[in-house]
Amino acid sequence: MAKTIGDNRNFGNETFKNLSVADKLKKVFYKLQNNLVLVFVVVLLIDIFSIFNLHSIYNVFYEQNTQQGEIRITIQALAKYYLWALNAEDEADRSEQMTGASEKIQELNDGLGMLSKVYHDDLTTVYAHIADIDKYGQTLNGMFASGASHTELYEYYVANVNEAIKVVVKDFKAIGISAKEQAEKAYTGALTIVIILTVLSMAIVIYAILYSNKAKAALASNILDPIKALSEAADDMAKGKIDIKVPSDSKDELGKLADDITYSTDVIADIVKDINDTLGRMSTGDFSCGSKNEKLYIGDYVQIKDAFRNISSNLSNTLLEVKNSSTLVSDGALNMSRGATDLAEGSTDQAAAVQELTASVNSVTDQTRQLAEVAQKSHGMAGDVKDKAEVSARKMHLVTDAMTRITEASAEIEQVTNTIEEIASQTSLLALNASIEAARAGETGKGFAVVADQIGKLAEQSSEAAKNTHQLIADTMEEIKNGNAVVAETTDALDAMQHSVEEITDMIKNTGNLAQAQAQSMEEIDKGIEMISGVVQKNSETAEQSSEVSRELSIQSESLNDLIGKFTING
């Protein structure tokens, strides 16, 4: 603690000032942490000692008192058992009371054993005195068995057993007194230690408070005061002040920041002075260069240097170009004067050429109108051809549909022929069966045989006719197929011709439209030529005016060159 206090006295020395902010905070809070740890340790010791004392009070002194009370109750019960045995009227009752006395003797020994665990003095004498009670009790029990008189038994009890019990009672009174003294001693010791630890913790807390106040003052003087000075400097910079000096006597981050701000304001002041000088020089017309102290402009200030350089270069180039342009304007004015004269002379030739051009345009316009009329008639004729081609195509489609229907009908006829051929076959078979039956019938069936023979011939003729019909239908179908091919080719040709006629019609229509548009254009050209004729006349007048203006422009160019000569520029 003495070392820590000595360290607290060094808060204001140079060593602490030159520490970094992080090291200052680390040092202060490290000491505070140590103080808090000490307080925590002392409080923890108080708690541990208090818990230990409570444990001792409960497990030692409270247990001592409990065991002593139990033993005293047992001693009283033991005396009662002996007295009840003396007053028992029969042997069974007396034996029962003496057994109870023996059990109480055992309880005394057990209780004394429990007491010895929490009582730290010697209990050997007490064990011996309890053994005396047991010995006298056994002698008394022997007297009961030998038939001793009640008077002898009572006198023996009073002289020996009762006296032994009194001795044990005195022993436990002494144990109680000794236990009370031990408890008072333990209480006094525990209270003394708690008071000492409490005083120690209070001393540590007071020391921590004093240390905290010194640390707060040290941090305020070494951190908050420089921050306040830096904040005031920042406010001054925000208000446009440049001449700023931030005092600092430490080498930490805040001291470095103060030095950096002072240096920065010095740099800004030099740059502002150079900007003022450069702009003053430019205001007098000197654009020969930008800043004359370009080394001042570093970092983001390089843009200002580049801006001055660009302004000087651009204005110099602009003025130089204006000077050159003025010279060119002067030369151009002379050339324009000569050109105006040439323009006036050529205006007459242009007028004559315009008249000839007008006559040619009128002729072309008439021819274009005639072409438009012919195109209109061609468009009408092409429309008629287109309609006829469409009618032919529709008729060919109708022929194609008819051929298709004929093909379908031929197919149906062929099916009917097949049916007839099947009927003829069945009829021939039926006629054969009838002939056989007629032969079996003999004379009776001759007439039926003739009919059957005729039916058979008719069936053969029908079959032959059906075959001929098949062949005819097959030939017809082949011709229809060829006809369908020719009709299809004709239809395709008509469709192609229809498309061609439509394209020709569109082309003739477009030609007519173009001819009409060309006629309108030629009319507009005619109007334009008339306007050109007027313009040519105006050009002649304007040429004379341009000659006068060019002379005035030449004079103004010479005046502009005189003005530019007053500026200092590159080149």
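Every number here is computed from the coordinates shown, using simple stated rules; none is lab data. Quick caveat, the model's predicted, so the values are computed rather than measured. Reconstructed Cβ throughout: ideal geometry from the backbone, glycine too, with neighbour counts over all protein chains shown.
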For the pair Glu489 and Ala517, what calculated FRET efficiency results from E = 1/(1 + (r/R0)^6), where r is the Cβ-Cβ distance and R0 = 56 Å, to the nearest 0.05? 0.85
Run the quick spin-label model on Ala217 and Tyr301: label points 7 Å from Cα toward the beta carbon, then report their separation in nm to one decimal. 4.3 nm
Residue span Leu398 to Arg72: 0.36 nm per residue of separation minus Cα-Cα distance leaves a gain in nm of 102.9 nm
Hey, rough spin-label estimate for Lys26 and Ile436, points 7 angstrom out along Cα→Cβ, what's it come to in nanometres? 13.4 nm
Tell me, in nm to one decimal, what length is gained between Ala234 and Glu552 on full extension, where the rule is 0.36 nm per residue of separation less the Cα-Cα distance? 108.3 nm
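Rounded to the nearest 0.05, what FRET efficiency is calculated for Val167 and Leu44 with R0 set to 56 Å and r the Cβ-Cβ distance?
Values: r = 49 Å, r/R0 = 0.87.
So, using R0 = 56 Å, E works out to roughly 0.70.
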At a Förster radius of 25 Å, what calculated FRET efficiency corresponds to the Cβ-Cβ distance of Ala145 and Leu83, to the nearest 0.05? 0.85
What ranking of Ile261, Ile51 emerges when the number of other C-beta atoms within 10 Å of each C-beta is taken as an exposure proxy, fewest first? Ile51, Ile261
Can you pull the one-decimal nm distance between simple spin-label points at Gln33 and Thr327, each 7 Å off the Cα toward Cβ? 8.2 nm
What full-extension length gain, to one decimal in nm, is calculated for His470 and Glu422 as 0.36 nm per residue of separation minus the Cα-Cα distance? 16.0 nm
Among Phe308, Phe144, which comes first, then next, by fewest other beta-carbon atoms within 10 Å? Phe144, Phe308
